[in-house]
Amino acid sequence: MTSTADAPRPPGRPRSIRADEAIIEATLDLLAEGSTIEALSIEAIAARAGVGKATIYRRWAGKDALLLDALRRLKGVLAKPAGHSVREDLVLLVGAIGKNVDPRAAKIMPCLVPAVNRSADQFQLYQNIISPRRQLMREVLRRGIDEGVLRADIDVEVTMALLTGPMLIQRVLQWNPDLDEQTLPERVVDAVLEGIRAR
C-alpha cells in the first residue's frame, strides 16, 4: 500500500497541485464529519473536491493509498531529534504523540480505532503511518544503550510502549483532565528513565 501521489509522471500536462490539495482536504473533511473509513468512497471524495474520479485515480492507486497520504498529512511532519541528549530526544518524541495541529484530528483519530480492529487492511494502514515514528524512538533508545546512558538489558519494544501509552490515553481519551499536558511528556520520560537508566 504505497502512495502514488509522488510517483514519476510521463511527459504531458503538469498535475495540478490545487487538485491534490482539494482531494486530501476533501478526504479529511469527510472523515471529520463522521464518515467511516469503510463507508468513505472515491465518488464522495471526488464530489467534495470538485474533481472527477479519474483525477483521483491518476494520483493514487486506490482509496487506501489516498487515505495513507491524507492521514500522514493529519499527523504532520515527523519530529527530528537533535541527537545531543537521549532524555531531550525522548521528551521531543513523546511530546509529539497524539499531538496534531489540525483540529480535525481530534474527530478523526479516535474513529480509526474500531476500523483498525476490524480490518486487516486498516490495521496495515495504521502501521504504515505509525511505523516511522516508532522507528525514531527505537533509534534513540538504542543510541542510549550504545552510549551507556541506558541499561543494556532493557526491552526496547516494551520501553516504547511505556513511553507511548500515557500520552495516547491522555490525548486521545482525555483520561485525566487534571493532568498538565504541557509537562506530561517530561514527567513520563523521567519516570521511565528511572527504571532504565544505567547505574
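Can you confirm whether S119 is within 30 Å of L141 (Cβ to Cβ), out of contact with any strand residue (DSSP E or B) (no Cβ under 8 Å at 6 or more places or on another chain) and of a type in the set (S, T, Y)?
Against the criterion (within 30 Å of L141 (Cβ to Cβ), out of contact with any strand residue (DSSP E or B) (no Cβ under 8 Å at 6 or more places or on another chain) and of a type in the set (S, T, Y)), S119 does not qualify.
Cβ-Cβ under 7 Å, sequence separation 6+ or interchain: first residue in the stretch 73-84 and surrounded by fewer than 13 Cβ atoms within 10 Å (Cβ to Cβ), partner among the acidic types (D, E). Which pairs?
Matching pairs, first to second residue: A82/E88; A82/D89; G83/D89.
Yes or no: L150 under 20 Å from K80 (Cα atoms), open to solvent by less than 60 Å² (accessible area, probe 1.4 Å) and modelled with pLDDT of 95 or more?
Criteria not met by L150.
Select from the stretch 85-105 the residues that are touching a residue at least 60 places away in the same chain (Cβ under 8 Å), surrounded by fewer than 18 Cβ atoms within 10 Å (Cβ to Cβ) and under 14 Å from the mean Cα position of the chain (by Cα) and write down the one among them that is farthest from R133 (Cα to Cα).
Taking the candidates together, the pick is R104.
Between I129, I108, I56, I45, which is surrounded by 18 or more Cβ atoms within 10 Å (Cβ to Cβ) and touching a residue at least 40 places away in the same chain (Cβ under 8 Å)?
Just a single option satisfies the conditions, and that option is I108.
I need a count of the residues in the stretch 121-156 that are over 13 Å from the mean Cα position of the chain (by Cα), within 18 Å of L92 (Cα to Cα) and not in a loop (DSSP other than H, G, I, E, B).
Of the residues in the stretch 121-156, 10 are over 13 Å from the mean Cα position of the chain (by Cα), within 18 Å of L92 (Cα to Cα) and not in a loop (DSSP other than H, G, I, E, B).
Do you know which residues across the stretch 167-179 are under 16 Å from M109 (Cα atoms) and open to solvent by 50 Å² or more (accessible area, probe 1.4 Å)?
Within the stretch 167-179, L168, I169, V172, L173, Q174, W175 qualify.
May I ask you to verify whether Q182 is on the phi > 0 side of the Ramachandran plot and without any contact (Cβ under 8 Å) to a residue 40 or more places away in the chain?
In short, no.
Starting from residues that are at pLDDT below 90 and not small (G, A, S), keep the ones in the stretch 19-39 and report whichever is farthest from A105 (Cα to Cα).
In this case the residue turns out to be E38.
The values are calculated or read from the model by the stated rules, or taken from the named source; none is laboratory data. These numbers come from a predicted model, not from an experiment. Don't worry about glycine lacking a Cβ; one is built from the backbone with ideal geometry, like all the others, and counts go over all protein chains shown. Surface areas here come from the heavy atoms of the whole protein model, side chains and all, with no ligands, DNA or RNA. Shrake-Rupley method; radii C 1.70, N 1.55, O 1.52, S 1.80 Å.
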